[in-house]
Each structure stands twice: as structure tokens, then as C-alpha cells.
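Worksheet: the structure to be examined is printed underneath.
The values are calculated or read from the model by the stated rules, or taken from the named source; none is laboratory data. Computed from a predicted structure; not experimentally measured. Methodologically, a virtual Cβ is constructed for each residue, glycine included, from the backbone with ideal geometry; neighbour enumeration extends over all protein chains shown.
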Amino acid sequence: MVAYLLEVGCEELPASFVDSALEQWRTGIPASLAEAHLQAEQMQLFGTPRRLSVLLQGLPTQQPDRTLEVKGPPVQVAYQDGRLTPAGEKFAQKQGVDPGSLEIRQVGKGSFVFAVQRVRGRPTAAVLQELAPTWITSLSGERLMRWGYGDLKFPRPIRWLVSLWEDQVLPLLWPTSEGNPLPGLVAGRVSRGHRVLGSQQVVLERAESYVQQMQEAGVSPDPTAREAYIQAEVTKLARQVNGEAQIPAPLLREVVHLVEWPTAVLGRFEPEFLRLPPAVIETVMITHQRYFPVRDGRDPRKLLPYFITISNGDPRQSERIGAGNSRVVRARLADARFFYEEDRRIPLAQRVERLQAVTFAEGLGSMRDKVERIRHISRLIAAALNLDPQEQALVDRTAYLCKADLVTQMVYEFPELQGIMGAEYARQDGEPEAVAEGIEQHYWPLGAGEALPASLTGRVVGWADRLDTLVGMFRLGQIPTGSSDRFALRRAANSLVLIAWDAGWTFDFNSLLQRVVQDYAAGDEKTLKALQEFLLQRLQILLQEEKRIDYDLVRAVVGDPEALQEGEPAKSDLPRRALANLPLTLLRAEYLQHLRATGELADLYPTLNRCARLAAQGDLDSAVLDPAAAVDADLLQEAAERELYEACQRVYRLGVEPALQGDFTPLVEGLQAAAPAVDRFFEAVLVMDPDPRLRANRLNLLGVLRNQSRLLGDMGAVVMAGEAAPAKSH
């Protein structure tokens with residue numbers, strides 16, 4: 001077993017790329033080795049601002065020998081009168097084997113010829129010469145570019161390459177017709193140490209000595225080790241001033257990839273700056289300076305006048321480094337204090353009219369125009385929620401003030417504080433707490449997995465804000481395509497669904513959407529249907545990815561979003577119902593997943609699916625749930641059909657209303673009880689009777705049972721084990 005080292009040395013890489021590249025390698029390198037029939041006993045990935053490295057240990061010296069078997073034509077096609085036919089010769093030639101080596105084997109009920117190749121494994125070193133360059137060229141990321149040599153795109157110029165097979169340099173064979181895409185750069189054994197602490201050239205003796213030699217050169221190559229060290233040092237340093245370090249995970253992850261030899265350094269600023277809102281101080285430190293704030297160890301709600309920075313310089317200069325960073329943060333905080341004091345001269349409400357000078361989007365007016373649209377949509381939502389007059393007034397005031405902080409100096413300088421400063425200024429102006437909370441929370445969630453708004457005002461105004469954006473952008477044709485989503489419309493749609501789920505809002509979203517499109521898009525049917533389809537697609541994705549609902553069960557609940565565009569009532573009822581009550585849609589999907597887990601779905605499926613398939617030959621409206629409204633009892637001639645009619649009546653009487661309220665157990669119990677009656681019906685009753693009245697009556701009976709089961713989901717969309725997914729119809 002041997003070891004191999006690949007190091008790509010660069011000018012300072014963006015921290016986000018280092019993190020992404022290592023994750024790509026974590027899955028990509030083992031996969032490419034496996035494809036080449038190789039496996040390492042251990043893989044270590046290293047990354048710093050100046051290098052990406054992989055150390056593979058426990059590699060075999062060569063690939064295993066393999067036997068490849070390819071099935072050919074039937075014997076009667078490959079041979080005639082004991083001689084190989086042209087078809088047989090062509091098969092042997094195509095597989096690169098001697099015609100005389102073809103083997104005849106029995107497969108099932110026939111005999112076929114087989115080409116058997118015995119492939120000798122190549123030396124692993126030769127395979128790695130070809131694989132390693134692809135590990136470099138396959139890395140993807142944002143803002144890749146060429147750097148004046150060759151065609152390879154990379155975030156920063158590559159300055160050196162190390163490729164060591166044990167203690168020998170292994171040249172790289174680049175997968176391009178032009179050869180090396182990095183002219184003048186040849187893989188060797190020379191790396192580079194820390195810019196300040198190490199040697200400019202580090203001659204690596206062998207692959208396994210990489211970590212030790214790099215540490216001797218002032219580089220800690222393992223990001224996991226750097227992270228643990230930084231966290232421990234920051235915690236220890238904060239305790240020296242009786243504090244607790246605030247260590248946000250994203251900041252820690254970023255700082256790890258900004259340094260090669262981390263040193264925690266304590267900085268300080270004047271206590272008078274603590275009179276600023278804590279969010280301002282934290283934004284200056286975390287977002288702008290990459291510092292770790294320090295909170296009071298006895299009262300974590302309070303900040304202390306200290307911070308901790310991670311230096312990549314000489315640890316012996318920590319005092320000077322701390323003093324320099326302290327001067328920087330004082331200047332930033334002094335600016336923030338000036339903006340804060342200037343902003344306080346004008347009440348938040350007096351800033352609303354200034355939004356007239358801020359453009360929301362071309363064709364959609366100013367932010368002041370948007371505020372009025374948000375207020376109008378908020379009133380529609382408030383009416384749908386049956387809010388009392390006091391709640392309506394709080395929502396309207398929140399909507400009026402929600403964007404006012406965009407014209408403050410603080411938010412102009414620190415855009416990350418939008419909403420936060422609006423809430424702060426609202427409190428200082430004496431606005432109700434519900435209004436202040438709503439101003440901040442209407443932007444929530446700020447990203448995937450982030451907190452959802454907890455306040456009524458934040459939920460309603462946040463919904464109105466996003467709904468206005470979606471309707472406006474779709475009216476202008478700004479629909480997301482591929483990876484392009486300039487206005488974050490996917491995130492806006494996701495937020496609508498997540499907030500509705502979290503708040504338990506059961507009002508008819510379809511009706512609200514139609515009203516907003518009518519008011520702000522002149523009732524444009526094309527805009528409405530495009531928006532509905534888009535929202536349904538986001539709903540499907542959230543059910544699958546956030547709630548872990550199986551794909552076919554999502555389709556059973558949501559239906560086909562494109563059916564709304566096609567306008568067929570039989571297909572569009574499920575999509576419409578899915579949007580009409582978002583929390584109920586979630587409950588339906590979760591209950592179907594539960595039935596699959598318990599095995600009950602497998603028991604119900606054959607009966608209900610057979611009913612649904614045959615009922616499709618009738619014309620009963622999918623909204624009909626009461627058997628008495630669809631079936632003529634006087635035409636029920638057979639005992640089996642009367643029994644099924646009574647079973648459907650029991651389902652309607654006991655299961656329908658609870659299902660509409662989100663309790664599906666009575667419905668499922670009723671359907672389970674009806675299953676024997678369905679079986680006897682199919683045994684004893686001719687559904688497609690020559691008499692058109694009997695035939696229509698029996699199809700309606702099956703249609704009612706289908707409709708009742710569709711309160712849970714469309715059984716025709718469910719895929720049971722061993723079945724193919726249902727084909728999409730057009």
C-alpha cells in the first residue's frame with residue numbers, strides 16, 4: 001500500500017471557494033477512484049487560503065485484474081452451419097476479441113454468444129497521472145476566470161503544483177488536446193510555507209510527511225484542526241476578561257479559511273460605544289470586520305467593550321495587531337454612532353414620503369408605491385384571517401412603516417440592518433411593540449433554515465410584501481429560469497408556504513392570489529396561472545426536501561402544476577385544492593407518508609386505484625362527495641352495489657367533514673371498511689352495463705368513492721413497489 005499527495009498552490013483564495021472545493025473533492029475524488037476500480041484506505045483533505053490538498057493513503061500499487069463479459073446476439077444469429085456469420089464476426093470485432101474466443105451460454109430459454117475480456121490492471125500511479133488533473137479542472141465555483149495563461153478557469157492564479165507518489169514526483173497528464181493548461185507550471189515536490197512565518201520554498205520529502213513539514217513551515221493545513229483551535233482560543237481569551245465569546249457558525253467557518261496559522265488576538269474599544277444598539281455593534285464586528293464579539297459572562301444579553309480577531313500574522317506581534325484592529329473598529333463604531341444620532345433627528349413615520357425617491361423596480365414604481373400595495377394586500381390578508389379592528393390597525397401601521405428605514409443613514413451604510421433599525425427607531429418613537437416586531441420580522445426568514453416570523457404583524461406584512469413582489473415581477477415577465485433568479489422569487493414563494501404552515505393559515509390562497517392579480521395585474525389570466533404553477537412547484541419542492549415526503553405522494557396531493565395551464569377540470573382540482581389550504585395540504589402529505597410507513601397504504605391502494613381508474617370513464621365532478629347527490633338509489637339492482645352505496649354513505653357521514661378539518665383517521669377507517677364491499681362489487685356487478693342509465697349510475701358510485709379518497713390524495717399518482725411511475729399525460 002502506498003500514498004499519494006496532490007497540492008494546488010494559489011494566491012489567496014476566497015474562503016467560500018476553499019470550503020466548497022473541499023466538499024466537492026470529498027465526494028468527487030472517491031467517486032473517480034471507484035470508477036477506476038481503486039480505493040484508498042484513508043483520504044485527508046486540506047485547505048488554506050493558499051492551497052488545496054488531498055493525501056490518499058493505503059492505495060494499491062495497481063488496479064485489480066478484471067473480467068469483462070458482454071452479451072452478444074443469439075447463437076442462431078452468430079453461427080450458421082457451425083461457422084461464424086458476419087453478425088458474429090462484427091460482434092467479436094467490436095468487442096476487440098478473437099472470434100475463436102467467443103463463448104456460448106444459456107440465458108433463460110435461449111443461447112447467446114458472449115465476448116469475454118480479461119483486462120489486466122494498470123499501475124495506480126499511471127491512473128493517478130490522468131485522474132489528478134481532472135480533480136483540479138472539475139472544481140466549480142462563482143467568478144472563475146482565466147489568469148493570463150492557458151484556458152483553465154480558477155478563482156485565483158495557480159502558482160505551484162505538488163504531485164508525489166510516495167517519495168517520487170508523479171507528472172500530471174492533462175486531459176486536453178493542447179496539453180498542460182497551465183503553461184510553465186509543472187508538478188513537482190516544492191510547496192510554499194506561510195508568507196510571514198515560513199520558508200518561501202518547502203521541499204517535501206514524501207507524501208506522508210506533508211502535514212509535519214507544512215506545520216514546520218508555519219502552515220496548519222487541516223481546516224478541522226484550525227477550527228477546533230480557533231474555537232478553543234477564542235473561548236479562552238474571552239474568559240480572561242470575564243466574558244463569553246459569541247461564535248456564530250458561519251463566521252467561524254469563514255475565518256477558518258482566511259488563515260493558515262491562526263492566532264487569537266484580543267481587541268478593545270471605548271465603553272461609550274455600547275450605547276449603540278447591540279445589533280449595530282455586532283454587524284460592524286461580525287459582518288464587516290470578521291471579529292468575534294464578547295458578551296458579559298454574567299449577563300449574556302450585554303456586550304462587553306472587547307472583541308477577538310483571528311490573525312494570520314506573527315503571534316509575537318499580537319499586541320500591535322490587537323491595537324491596529326482596535327483603531328479600525330473604533331472608527332467604524334464612530335461612524336455608526338454618527339449615523340445613529342443623525343437618524344434619530346427624524347421620526348420614522350416622517351421618512352415614509354422620502355421612499356418616493358427610491359425605485360423599487362422599473363415598471364413597478366417607487367418604494368412608496370410598494371408600501372401602499374403592501375398595505376392594501378395586508379388588509380386583504382387581515383380580512384381573510386378575520387382579524388379584529390385593533391389587530392388590523394397594528395398590521396396597517398406596520399405595513400406603513402415597514403420600509404421607512406431604507407432611507408436612514410444607518411441602513412444606507414449597513415444594508416444588513418434593514419428591518420432591525422426600523423424596529424429600533426419605531427420603539428424609540430413610541431410605536432407599539434407589535435409594530436416594531438413586525439417591521440423587523442417581515443423580512444424573516446432571512447435564508448434557508450432561518451427563523452420564521454413569530455408575530456402576527458410580521459407574518460401578515462411579510463406575506464403581503466412577498467406577494468406584491470411575486471405578482472409584480474411575474475406581470476413584467478421576470479420569471480426565474482434555470483439558476484437565474486435576480487429578485488429571489490423562489491425564496492419569496494418558499495417563505496409564503498413556510499409562514500402559512502407555521503402560522504396554520506387555512507384561508508383560500510387561490511382567492512387571495514386572484515384578488516391581488518386582479519388589483520395589480522389587471523386580472524391577467526396568464527400572470528395568474530404562471531404564478532399558481534410556480535407556487536405549486538415550490539410547494540412540491542418544500543414537501544420533498546423540507547418535509548421528506550416521497551415524490552409520488554407529493555404528486556398525489558399536489559397534482560400536476562401544469563394542469564392549471566391546460567385548464568382541464570378533472571386534472572386541475574388537485575392543484576387548486578393544494579393552494580387553497582396550505583396547512584391542510586401539508587397534513588395530507590404527512591398522513592399519506594404515515595400510511596406508507598405503517599403499510600396501510602399498500603392495503604388500500606389496489607382497491608382505491610381500481611375504483612379511480614374505472615371512475616375516470618364517467619363524468620362525475622370531483623367535488624361531489626355525497627353519494628345521494630350522484631347516485632340514484634332506485635337504480636341499484638344488485639346487493640353488492642347497494643352494499644357499496646351504504647359504505648360510501650358511511651364514509652361521507654363519518655369521514656368527510658373530519659378530513660376537511662385535517663383529521664384523516666375517520667376517512668381512512670371508512671375507506672378500509674369499504675374495501676370488502678368494493679371487492680364484492682367488482683365480482684358481482686357489471687359496471688359497463690349496456691343500459692346507459694345503469695352504467696352511468698355505477699360509474700357515479702365509483703366516482704363518489706374516488707372523490708372521497710382524493711380528500712387524502714390521488715391514488716393514481718401513487719407508485720407501489722415494483723410499479724413504474726405513471727406517465728405524464730398532455
State which residue is surrounded by the most Cβ atoms within 10 Å (Cβ to Cβ) when the search covers only the range 159-190 and only residues that are hydrophobic (A, V, I, L, M, F, W, C) and modelled with pLDDT under 85.
Leu182
Is it the case that some residue within the range 448-457 is touching a helix residue (DSSP H, G or I) at 6+ places or on another chain (Cβ under 6 Å), under 19 Å from Ser378 (Cα atoms) and assigned to a helix (DSSP H, G or I)?
yes
Quick one: Glu205 ticks every box in (1) out of contact with any Pro (no Cβ under 9 Å at 6 or more places or on another chain); (2) within 27 Å of Ser140 (Cα to Cα) except a single one, so which number is it?
(2)
From the list Arg548, Arg491, pick out the single residue that is within 20 Å of the chain's Cα centre (by Cα), of a type outside the set (A, V, I, L, M, F, W, C) and part of a helix (DSSP H, G or I).
Arg491
Checked Leu531, Leu535, Leu542 against criteria (more than 18 Å from Leu564 (Cα to Cα), hydrophobic (A, V, I, L, M, F, W, C) and not assigned by TED's automatic domain parsing to the domain that holds Arg490); the one match is Leu542
Return the residues of the range 247-283 that are within 31 Å of the chain's Cα centre (by Cα), assigned to a loop (DSSP other than H, G, I, E, B) and surrounded by fewer than 15 Cβ atoms within 10 Å (Cβ to Cβ); say none if nothing qualifies.
Pro248
Exclusive hit being outside any strand (DSSP E or B), modelled with pLDDT of 80 or more and touching a Cys at 6+ places or on another chain (Cβ under 9 Å), set Arg143, Arg156:
Arg156
Those residues of the range 623-676 which are within 36 Å of the chain's Cα centre (by Cα) and in contact (Cβ under 8 Å) with a residue 40 or more places away in the chain amount to Ala623, Val656, Ala659, Leu660, Gly662, Phe664, Leu667, Val668
Kindly establish whether Thr585 is outside the structural domain of Gly363 (by TED's automatic domain parsing), among the hydroxyl-bearing types (Ser, Thr, Tyr) and under 26 Å from Pro445 (Cβ atoms).
yes
Quick check on the range 458-468. Is at least one of its residues touching a residue at least 24 places away in the same chain (Cβ under 8 Å), surrounded by 17 or more Cβ atoms within 10 Å (Cβ to Cβ) and either farther than 19 Å from Val516 by Cα or outside the structural domain of Glu372 (by TED's automatic domain parsing) (or both)?
yes
Looking only at residues that are in contact (Cβ under 8 Å) with a residue 40 or more places away in the chain and either more than 17 Å from Thr263 (Cβ to Cβ) or within 33 Å of the chain's Cα centre (by Cα) (or both) in the range 309-327, which one is surrounded by the fewest Cβ atoms within 10 Å (Cβ to Cβ)?
Ile310
Restricted to the range 137-157, and to residues that are touching a Phe, Trp or Tyr at 6+ places or on another chain (Cβ under 8 Å) and among the hydrophobic types (A, V, I, L, M, F, W, C), which residue is nearest to Leu56 (Cα to Cα)?
Leu139
Residue list for the range 485-516, filter: β-branched (Val, Ile, Thr) and under 17 Å from Pro561 (Cβ atoms):
Val497
Filtering the range 374-392 for residues that are part of a helix (DSSP H, G or I), over 33 Å from the mean Cα position of the chain (by Cα) and in contact (Cβ under 8 Å) with a residue 60 or more places away in the chain leaves a count of 1
So which residues in the range 458-485 are among the charged types (D, E, K, R), more than 17 Å from Asp369 (Cα to Cα) and within 21 Å of the chain's Cα centre (by Cα), if there are any at all?
Asp485
Output the number of residues of the range 529-567 satisfying the condition of being aromatic (Phe, Trp, Tyr) and buried (at least 16 other Cβ atoms within 10 Å of the Cβ).
1
If you go through the range 203-221, how many residues are in contact with a helix residue (DSSP H, G or I) (Cβ under 9 Å, 6 or more places away or on another chain), surrounded by 15 or more Cβ atoms within 10 Å (Cβ to Cβ) and either of a type in the set (Asp, Glu) or within 17 Å of Leu170 (Cα to Cα) (or both)?
1
Would you check if there is a residue in the range 383-398 being within 21 Å of Ala522 (Cβ to Cβ) and either crowded, with 19+ Cβ neighbours inside 10 Å or in contact with a helix residue (DSSP H, G or I) (Cβ under 8 Å, 6 or more places away or on another chain) (or both)?
no
Single unsatisfied condition, Arg693 versus (1) surrounded by 15 or more Cβ atoms within 10 Å (Cβ to Cβ); (2) touching a residue at least 24 places away in the same chain (Cβ under 8 Å):
(1)
For the range 284-303: of the residues being more than 17 Å from Leu252 (Cβ to Cβ) and buried (at least 19 other Cβ atoms within 10 Å of the Cβ), which is nearest to the chain's Cα centre (by Cα)?
Val284
Name the single residue that is surrounded by the fewest Cβ atoms within 10 Å (Cβ to Cβ) among those in the range 328-351 being without any contact (Cβ under 8 Å) to a residue 60 or more places away in the chain and of a type in the set (D, E, K, R).
Arg345
Give the number of residues within the range 97-127 that are in a strand (DSSP E or B) and of a type outside the set (Ser, Thr, Tyr).
15
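Condition check ((1) of a type outside the set (Ser, Thr, Tyr); (2) surrounded by 14 or more Cβ atoms within 10 Å (Cβ to Cβ)) across all residues:
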{"residue": "Arg66", "(1), (2)": "yes, no"}
{"residue": "Gln80", "(1), (2)": "yes, no"}
{"residue": "Leu102", "(1), (2)": "yes, yes"}
{"residue": "Thr137", "(1), (2)": "no, yes"}
{"residue": "Asp151", "(1), (2)": "yes, no"}
Any residue in the range 140-149 that is assigned by TED's automatic domain parsing to the domain that holds Ala21 and of a type in the set (S, T, N, Q)?
yes
Going through the range 309-333 one residue at a time, which ones are aliphatic (A, V, I, L, M), farther than 22 Å from Met410 by Cβ and in a helix (DSSP H, G or I)?
Ile321, Ala323
Apart from one, (1) at pLDDT 85 or above; (2) farther than 21 Å from Pro30 by Cα; (3) in a loop (DSSP other than H, G, I, E, B) all hold for Asp151; the odd one out is (1)
Would you be able to say whether some residue in the range 592-608 is crowded, with 21+ Cβ neighbours inside 10 Å, in contact with a Ser or Thr (Cβ under 8 Å, 6 or more places away or on another chain) and modelled with pLDDT under 95?
yes
Any idea which residue in the range 494-528 is nearest to the chain's Cα centre (by Cα), counting only those that are of a type in the set (Val, Ile, Thr) and buried (at least 20 other Cβ atoms within 10 Å of the Cβ)?
Val497
